[in-house]
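The values are calculated or read from the model by the stated rules, or taken from the named source; none is laboratory data. Note that this is a predicted model, so its numbers are computed, not measured. Counting neighbours? That spans all protein chains shown, and the Cβs are built from the backbone with ideal geometry, glycine included.
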Amino acid sequence: MKIRQAVIPAAGLGTRFLPATKVIPKEMMPIVDKPILQYMIEECAASGIERVVLVTAHGKHAMADHFDASPELEDMLERRGKDALLRNVKELQSLCEIVTVRQARPLGLGHAIGRGRVAVGREPFVVLLPDDMIDNPERPACRQLMDVYEEHGKSVVALMDVPPHQISWYGMVEHEPVSERVVLVKRAIEKPRPEDAPSNLGIVSRYLFTPEIFEAIDATPPGVGGEIQITDAINARAGQGEVMGLIFEGERFDAGDKLGFLEANVHYALKHPELGERFRQTLLDKLKG
Ligand code: G1P
């Protein structure tokens, strides 16, 4: 079945970035000149996704507004002949259809993804965690997962090598090789101690699920941190041989962490068509100075 939809869990409070995120949702923090969430929606659109289900919460309406029409602003840009800016603003509305559902209480990532069910229906779908940016202009990370699904017809998680000191930050997997970058996931454990990790491959922020994940989430009791963990639901599906893993290709930034956020800004600023060269020079001068 063609993958048309994505779920983006974005109901969190963003406490790691306070006070910046007291009023502004963390997903709206800009990387150079676009909010992080826009990079996610652009990745969806570039992967062929038509509809994005944003799982949101009280006080975070700026996220959906960003992709909606803004008649006053558009009229003003038109009157002033600011054609390039007008195009920019209008393009936001044509990337993907955006629908929102609410997660009223922060009961965990598994619970948030489960909230997507009312909008997604019985179709396979991708999930992007907006904390993590993955840059691959030729083959966006979501597209890479979709290609594995097209071949195997099973759920797929994005994987990467995790250094030992970071193992307790990730969902870690036990796996069997299938091809160079594809594995069959045998087991998944949320945030184990390094000595309990079954391998050094961890799950990173992009998932593709068949609709059976919703029943698995329903059956998942609270796990690490007292939250309903998506990794536990994945583990149940992996036990049935229904989960593949893909060691994705692309440059990844943990923009949910202050250092990763700054690194993402430097990365995208250096690539920026208008700013790149000047920014490179500014950085070099700064480092010399
Ligand atoms: C979440 C997931 C975890 C995953 C990680 C990175 O953790 O629970 O399994 O490995 O994202 O994408 P968080 O970073 O929200 O604590």
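Count, please, the residues in the range 210-227 that happen to be in a loop (DSSP other than H, G, I, E, B), within 16 Å of the ligand (Cβ to nearest atom) and surrounded by 15 or more Cβ atoms within 10 Å (Cβ to Cβ). Walk me through how you get there before you give the answer.
The initial filter retains those residues of the range 210-227 that are in a loop (DSSP other than H, G, I, E, B), namely 210-212, 219-223, 227.
With the extra rule that they be within 16 Å of the ligand (Cβ to nearest atom), the set shrinks to 220-223, 227.
Pick out the ones that are also surrounded by 15 or more Cβ atoms within 10 Å (Cβ to Cβ) and you get 220, 223, 227.
Within the range 210-227, residues that are in a loop (DSSP other than H, G, I, E, B), within 16 Å of the ligand (Cβ to nearest atom) and surrounded by 15 or more Cβ atoms within 10 Å (Cβ to Cβ) number 3.
What about Ser205, is it closer than 30 Å to Ala46 by Cα and more than 14 Å from the ligand (Cβ to nearest atom)? Talk me through it step by step, then tell me what you get.
Working: closer than 30 Å to Ala46 by Cα: yes; more than 14 Å from the ligand (Cβ to nearest atom): no.
Answer is no for this residue.
What single numbered condition from (1) in contact with a helix residue (DSSP H, G or I) (Cβ under 9 Å, 6 or more places away or on another chain); (2) farther than 30 Å from Val32 by Cα fails to hold for Gly239?
Answer for Gly239: the failing condition is (1).
Looking only at the range 121-135, count every residue that is surrounded by fewer than 22 Cβ atoms within 10 Å (Cβ to Cβ) and either more than 16 Å from the ligand (Cβ to nearest atom) or of a type in the set (Phe, Trp, Tyr) (or both) and tell me the total.
Final tally of qualifying residues: 3.
In the list Pro198, Pro194, Pro211, Pro177, which residue meets the criterion of being in contact with a helix residue (DSSP H, G or I) (Cβ under 9 Å, 6 or more places away or on another chain) and over 23 Å from Pro130 (Cβ atoms)? Explain how you work it out, then say what you get.
Values: Pro198 fails: in contact with a helix residue (DSSP H, G or I) (Cβ under 9 Å, 6 or more places away or on another chain); Pro211 fails: over 23 Å from Pro130 (Cβ atoms); Pro177 fails: in contact with a helix residue (DSSP H, G or I) (Cβ under 9 Å, 6 or more places away or on another chain).
None of the other options fit; the residue is Pro194.
Among the residues of the range 194-209, which ones are within 21 Å of Gly250 (Cβ to Cβ) and outside any strand (DSSP E or B)? Give the derivation first.
In the first step, residues of the range 194-209 are kept if they are within 21 Å of Gly250 (Cβ to Cβ); the result is 199-209.
Ser199, Asn200, listed by residue number.
Kindly list, by first and then second residue, each pair from a residue in the range 150-173 that is under 15 Å from Pro211 (Cα atoms) and within 15 Å of the ligand (Cβ to nearest atom) to a residue that is β-branched (Val, Ile, Thr) and at pLDDT 95 or above, limited to pairs with Cβ atoms under 6 Å and residues at least 6 apart or on different chains.
Close Cβ pairs satisfying both conditions: Ser155/Thr210; Ser155/Val243; Val156/Val148; Val157/Ile203.
How about the range 1-100: which helices (runs of 4 or more DSSP H) wholly inside it have at least 1 residues that are in contact with a His (Cβ under 9 Å, 6 or more places away or on another chain) and not hydroxyl-bearing (Ser, Thr, Tyr)?
Working: elements: 36-47, 62-66, 71-79, 83-94.
Per the criteria, 36-47, 83-94.
With the condition kept exactly as written, say whether any residue in the range 133-140 is touching a Pro at 6+ places or on another chain (Cβ under 9 Å) and among the acidic types (Asp, Glu). Break it down into steps so the answer makes sense when it comes.
Our first condition is that a residue be touching a Pro at 6+ places or on another chain (Cβ under 9 Å); within the range 133-140, this holds for 134.
Next, only the ones that are among the acidic types (Asp, Glu) stay: none.
No, the range 133-140 contains no residue that is touching a Pro at 6+ places or on another chain (Cβ under 9 Å) and among the acidic types (Asp, Glu).
If I ask for residues that are within 14 Å of the ligand (Cβ to nearest atom) and not in a strand (DSSP E or B), which ones from the range 174-193 would you list?
Lys191, Pro192, listed by residue number.
Hey, could you check the range 176-198 for residues that are over 23 Å from the mean Cα position of the chain (by Cα) and touching a residue at least 24 places away in the same chain (Cβ under 8 Å) and say which is surrounded by the most Cβ atoms within 10 Å (Cβ to Cβ)? Break it down into steps so the answer makes sense when it comes.
Initially, the range 176-198 is screened for residues over 23 Å from the mean Cα position of the chain (by Cα), giving 176-180, 186, 193-198.
Those still in the list that are touching a residue at least 24 places away in the same chain (Cβ under 8 Å) too: 178, 186, 193-194, 197-198.
Working: Val178: 15, Lys186: 17, Arg193: 9, Pro194: 14, Ala197: 20, Pro198: 14.
Checked the range 176-198; the qualifying residue surrounded by the most Cβ atoms within 10 Å (Cβ to Cβ) is Ala197.
Given (1) of a type in the set (Asp, Glu); (2) in a loop (DSSP other than H, G, I, E, B); (3) farther than 30 Å from Gly121 by Cα, identify the lone condition not met by Glu249.
Against the list (1) of a type in the set (Asp, Glu); (2) in a loop (DSSP other than H, G, I, E, B); (3) farther than 30 Å from Gly121 by Cα, Glu249 comes up short only on (3).
Return the pair list, or none, for Cβ contacts closer than 8 Å from residues in the range 227-246 that are in contact (Cβ under 8 Å) with a residue 24 or more places away in the chain and among the charged types (D, E, K, R) to residues that are more than 12 Å from the ligand (Cβ to nearest atom) and assigned to a helix (DSSP H, G or I), at least 6 apart or on different chains.
Pairs found: Arg237/Ile213; Arg237/Ala216.
I'd like to know if the range 238-254 contains one or more residues that are over 19 Å from the mean Cα position of the chain (by Cα), within 16 Å of the ligand (Cβ to nearest atom), of a type outside the set (D, E, K, R) and within 18 Å of Gly110 (Cβ to Cβ).
Looking only at the range 238-254, we keep the residues that are over 19 Å from the mean Cα position of the chain (by Cα), and these are 238-242.
Filter again for within 16 Å of the ligand (Cβ to nearest atom), leaving 238.
In the following step, the residues that additionally are of a type outside the set (D, E, K, R) were identified as 238.
Of the ones still in play, those that are also within 18 Å of Gly110 (Cβ to Cβ) are 238.
Yes, the conditions are met somewhere in the range 238-254.
Phe261: part of a helix (DSSP H, G or I) and touching a Lys or Arg at 6+ places or on another chain (Cβ under 8 Å), yes or no?
On the way: part of a helix (DSSP H, G or I): yes; touching a Lys or Arg at 6+ places or on another chain (Cβ under 8 Å): no.
The answer is no for Phe261.
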